[in-house]
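S.K.: Next up is a structure, given as structure tokens.
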Amino acid sequence: MAKKRERIGAGTVAIRLGSGARTAQDAGSGAGGHEATMVLAIYSVLATMLFAGTVLPFLPVAHGLVRVGDFPRQQYLALALALIAAAPFFADRTAIWLGILTLLAAIAAVQAALIAAFTPLARKQSAGFDPHRHDGDALRLVAANVKMSNRQRQAMLAELERADPDILVLMEVDEGWAAALSPLTGRYRHVVSRPQDNSYGMIVASRLELTEIVVECLLTEDVPSVVATVRTKAGRRFRLYALHPEPPVPHRGTTGRDGETALVALRVREETLPVIVTGDLNDVAWSKTTRRFRRVSRLLDPRIGRSVFSTFDARIPLLRWPLDHLFHSAQFRLAGMRRLAPCGSDHFPVAFDLVLCSQPETESRLEPADGDDVARARDLVGAARARDEKPIGGDWET
């Protein structure tokens, strides 16, 4: 009887252990299922966000909540590719996973197509300067958003002095910045100074002769632009537009910014002299509005076929996009472009070496505008004129 009880006891133990093993296995399976569900949910949310950020900026809606999606396209591309690369560790062959991965691949393709124009994969839009073929007047233009609240003024002064520009365009200049940079700007023959305490102050200093100077708030009160005719040492003339329109923010429309750049494009279109437009345009190079600006103005972008040339935010390497621009007529050749040290600003100053020649390199590089482009530009200008708003961000730097 004792042996029987032992056998029964052993059998009981075995059954209990087997039951416990099955329970643990079931529990493990449940944990794995929960983890898989969480990963799928994360992928679904990120893919949806990336899709919205990719598609919304294509809509004809002049609002910051829509337009800001244009900015981080490099980051969207990187995240989409990272999710695709990690998918083999998590995904299965169910329809929902295949749908998510197909969506991510489409997002990556759209972002890559927009960014590719600003890489060596594309044809250069601005002709490079060839001293054996071209003869013209060389000049260096430096544009710098100094950031009004930035206190590294001596470092910025030293960096701009090292760059030694022929034309210097300074943005976000208040009285303190104007005084700090006066040892540099005081050496220039022509200085147009409009310091302001609302982060839209501007100074244009030039060794080359400036005439027909206009300081004008184009469409928004207290947001000035500087327009002037520049005469080179050899007597060639061109028109310079220095701009700093409002930035996009999620709670306001972008009508002011979009209208200002549209107005400049329409004015440049009527110019008879070669033109340079430069400044912190608070828009990215690949946006719908910037592409329309190029077509309407008939100006060239030296970044196309060369480099994205991201200039903001100088403090955060992973969050950068091209906000500081220079566009020019086909009579100019590009000898070089580079970023300078930011010196406390959230923008990199940018330096462009250009050569103004007698004849345009070729008209085939221009992107033609159609009637819809011009009509849309005029609509944007009309909408901006109808506003009654204070400048965005006027108190950010105080």
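The values are calculated or read from the model by the stated rules, or taken from the named source; none is laboratory data. Since the model is a prediction, treat every value here as computed from it, not as a measurement. Cβ: placed from backbone, ideal geometry, glycine included. Neighbour counts: every protein chain shown. SASA here: full protein model, heavy atoms, side chains in, ligands and nucleic acids out. Shrake-Rupley method; radii C 1.70, N 1.55, O 1.52, S 1.80 Å.
S.K.: Filter the DSSP H helices in the chain by two things, a Kyte-Doolittle mean of at least -1.0 and an axial alpha-carbon span of 18 angstrom or more, and list the hits by number.
M.R.: Helix filter hits for the chain: 2-55, 73-86, 95-116, 255-269, 371-385.
S.K.: Another question about this same structure. Solvent-accessible area per residue for the chain at a 1.4 Å probe radius, Å²?
M.R.: Accessible area per residue: 46 Å².
S.K.: I would also like to ask the following. When the expected Rg is taken as 2.2 N^0.38 Å, what fraction or multiple of it is the alpha-carbon Rg of the range 132-285?
M.R.: Dividing the Cα Rg of the range 132-285 by 2.2 N^0.38 Å gives 1.06.
S.K.: Right, another one. Between residue 397 and residue 291, 0.36 nm times their residue separation minus their Cα-Cα distance comes to what?
M.R.: Fully extending the segment from residue 397 to residue 291 adds 35.2 nm.
S.K.: Which order do the peptides 98-106, 204-212, 385-393 take when ranked by the mean count of other beta-carbon atoms within 10 Å per residue, highest first?
M.R.: Per-residue mean Cβ counts within 10 Å order the peptides as 204-212, 98-106, 385-393.
S.K.: Moving to a separate point now. Using alpha carbon coordinates only, what is the Rg to Rh ratio of the chain, with Rh defined as the Kirkwood radius?
M.R.: 1.20
S.K.: Now for a separate question. May I ask what percent, to the nearest 5, of DSSP beta bridges between residues of the range 229-377 are antiparallel?
M.R.: Of those bridges, close to 80 percent are antiparallel.
S.K.: Which part of the range 282-307 falls in the paramagnetic zone of residue 372, meaning amide N under 15 Å from the point 7 Å along Cα-to-beta-carbon?
M.R.: Inside the label zone: 288-289, 291-293, 295-296.
S.K.: Quick check of the Kirkwood formula: for the range 38-123, what is the inverse mean of 1/r over all pairs of different Cα atoms, in Å?
M.R.: About 13.7 Å for the range 38-123.
S.K.: Further question on the same structure: Hey, got the dipole for the chain? About the Cα centre, +1 on K and R Cβ, -1 on D and E Cβ, debye to the nearest 20?
M.R.: Here the chain has a charge dipole of around 1620 debye.
S.K.: Right, next: Out of the total accessible area of the range 233-299 (probe 1.4 Å, heavy atoms of protein only), what percent is carbon and sulfur?
M.R.: 46
S.K.: How big is Rg to Rh over the range 134-188, alpha-carbon atoms, Rh as the Kirkwood inverse-mean-distance radius?
M.R.: 1.03
S.K.: Another question, if that's okay. Quick one: plug the Kirkwood hydrodynamic radius of the range 250-398 (C-alpha pairs) into Stokes-Einstein at 37 °C, 0.692 mPa s, and report D in µm²/s.
M.R.: 197
S.K.: Next question, about the same structure. Within the P(r) computed for the range 90-177, what percentage of the Cα pairs occupies the region above 19 Å?
M.R.: 69
S.K.: Could I have the simple spin-label model distance between residue 132 and residue 61, label points 7 Å from Cα toward Cβ, reported in nm to one decimal?
M.R.: 5.4
S.K.: Pull up the DSSP beta bridges for the chain and report the antiparallel fraction as a percent, rounded to 5.
M.R.: 80
S.K.: Right, here's the next one. Which aspartates and glutamates, on any chain, are close to residue 147 with Cα under 16 Å apart, when same-chain ones fewer than 8 places away are left out?
M.R.: Partners found: 159, 172, 174, 175, 197, 246, 280, 313, 324, 346, 395, 397.
S.K.: Output the direction-averaged projected area (hull surface divided by four) of the convex hull of the alpha-carbon atoms of the range 220-319, in nm².
M.R.: Averaging across all directions leaves 8.4 nm² for the Cα convex hull.
S.K.: Run the helix sum for the chain: -39,500 (n - 2.57) per DSSP H stretch of 4+ residues, divided by residue count, reported at 222 nm to the nearest 500 deg cm²/dmol.
M.R.: One gets -13000 deg cm²/dmol as the mean residue ellipticity at 222 nm.
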